1. Keeping all protein chains in place and using 1.4 angstrom, which order do S57, S71 fall into by accessible surface area, from largest down?
2. Where does the Debye-calculated log10 I(q)/I(0) of region 172-216 sit at q = 0.17, 0.21, 0.29 Å⁻¹, using only Cα point scatterers of equal weight, no solvent?
3. Select from V34, V204, V98 the residue whose mean-square fluctuation is largest in a Gaussian network model of the chain (Cα-Cα springs shorter than 10 Å).
4. Please check: in the Gaussian network model of the chain (C-alpha springs, under 10 Å), which one of V114, V83, V202 has the largest mean-square fluctuation.
5. Can you list the trypsin sites (Lys or Arg not before Pro) in region 27-126 that are in a DSSP coil and have 15 or fewer other beta carbons within 10 angstrom?
6. For region 5-214, what % of the accessible area comes from carbon and sulfur atoms, probe 1.4 Å?
7. Can you give the accessible area per residue of region 5-214, in Å², using a 1.4 Å probe?
8. Identify which of V111, V153, V93 has the largest mean-square fluctuation in a Gaussian network model of the chain, with springs joining Cα atoms closer than 10 Å.
Amino acid sequence: MKAPFISFEGGEGGGKSTQIQLLAKYLREKGQDVCITREPGGTPGAEELRNLLLNGSPDRWDAWTELMLNSASRRDHMIRKVVPMCKKGTWVVSDRYVDSSRVYQGLVGGVPLVDVDHLQFSMLKLPKPDLTVLLDLSVEQGMERVKKRHIQVENVGQKKEDRYEKKGLYFHERVRDAFLQLSALEPERFIVVRADQSVEDVAVQICAEVNRRWSL
Ligand code: TYD
């Protein structure tokens, strides 16, 4: 038995983690086992790579190095967690996956998309997700939400921005366009949901799509 593997993608502040929790709740109510995970990270080794990727100055790594670090993290995550979970019948829902590399290091970072794809799919033999949910939000609204989140965590004394959030507005506009471009290339795999709606409305659309595909 093989359970589905679903990825969530999008720029900053689109509410991925909230929506992942709500989808997992829905699936569990339908009697499914669910594993929530994230990239970069998701296994002990991959989380170590995550620290290297997210901390430090924005230009700490060039796009190719970033691609290699993300891919190393992803390979560990896939073979140790995602694939075994799906095989035993547990749904896996990941906060980011291969499309993040295709966007951040590829279309925006400058590594040719064919090279990113060759590394992911031909060399590392990584599977495509069964469904990718793209939460699409204007950059202004996304940044606004990220700022609010920081004000909340600052009050409890945690760190502020990561490397990606320090990059400018123009960078985030390109990220948004690139995700939309990839979704248009694979309309079967992606659903694009406008993230400027209420949390409940977004969740209803995602659950309806999952139900449509897998008749829960
Ligand atoms: P995270 O704090 O998880 O960000 P978010 O809340 O926006 O999901 O940080 C992950 C960052 O890493 C995010 O800005 C995107 C970036 N990233 C890549 O550049 N390439 C990748 O392959 C992945 C998985 C993430």
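1. S57, S71
2. Relative scattering, expressed as log10 I(q)/I(0), comes to -0.60, -0.82, -1.02.
3. Highest fluctuation among the options: V204.
4. Looking only at V114, V83, V202, the largest GNM fluctuation is found for V114.
5. K30, R60, K88, K125
6. Looking at region 5-214 in its full context, I get 53 percent from C and S.
7. 49
8. With Cα springs under 10 Å in the chain, the top fluctuation among V111, V153, V93 is at V153.
The values are calculated or read from the model by the stated rules, or taken from the named source; none is laboratory data. Computed from a prediction, not measured in an experiment: that's the story for all the values here. Cβ coordinates were reconstructed from backbone atoms using ideal geometry, including for glycine residues, and neighbour counts include every protein chain displayed. These accessible areas exclude ligands, DNA and RNA; they are computed on the full protein's heavy atoms, side chains included. Shrake-Rupley method; radii C 1.70, N 1.55, O 1.52, S 1.80 Å.
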